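Right, one structure below, let's go through it.
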Amino acid sequence: MNRGREGDEPVLITEAAPSLLEQHDARKRRYIITMAVRAVCLILATVFYQILWVMAFFAILAIILPGIAVLVANDRPPKKARNAHRFRGDQTAVSGSAPLPRTAIAPNRIIDVD
């Protein structure tokens with residue numbers, strides 16, 4: 001009873017954020033890639049040592065990339081904004097009914113139950 005699904009992978013029906021482990025793995029992967037690009041820049045700076053401006057470009061890139069790698073690796077995705085469902089005086093409890101007029105709502109009404 002497969003019901004049109006291909007494979008055994010579950011279908012994602014929510015907009016849940018990736019787990020912390022998945023986020024951490026993605027950040028580690030970005031750090032490793034950035035540092036690998038830095039290593040390539042260092043090698044290219046030594047290869048082009050006779051052409052001063054090309055060597056300077058790769059050397060400056062190799063100096064800047066570790067800081068960028070740390071910033072990117074420590075950056076977590078932003079938290080989703082949560083909308084709090086608060087009662088407002090102009091709302092109704094039953095959908096489809098007309099809202100109560102503002103004067104009909106007693107803001108400081110106290111009911112004693114004895």
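Readers should treat all values here as calculations from the given coordinates under stated rules, not as data from a laboratory. Predicted model, so just to flag it, every value in this text is computed and none were measured. Cβ placement follows ideal geometry from the backbone for every residue including glycine, while neighbour counts extend to all protein chains displayed.
Could you list TYR31, TYR49 so that the one with the fewest beta carbons within 10 Å of its beta carbon is first and the one with the most is last?
On the way: TYR31 17, TYR49 11.
Ordered by Cβ neighbours within 10 Å, fewest first: TYR49, TYR31.
Could you order the peptides 52-61, 69-78 from most to least packed, using the average number of other C-beta atoms within 10 Å per residue? Kindly include the intermediate steps, with their values, before the conclusion.
Working: 52-61: 13.9, 69-78: 12.0.
Descending mean neighbour count gives 52-61, 69-78.
For region 20-74, the normalised intensity computed at q = 0.19, 0.20, 0.24 Å⁻¹ comes to -0.62, -0.66, -0.81 (log10 of I(q)/I(0), Debye sum over alpha carbons, equal scatterers, no solvent).
Electrostatic bookkeeping for GLU22 treats Lys and Arg as +1 and Asp and Glu as -1; over the other residues with beta carbon under 14 Å from its beta carbon, the sum is +4.
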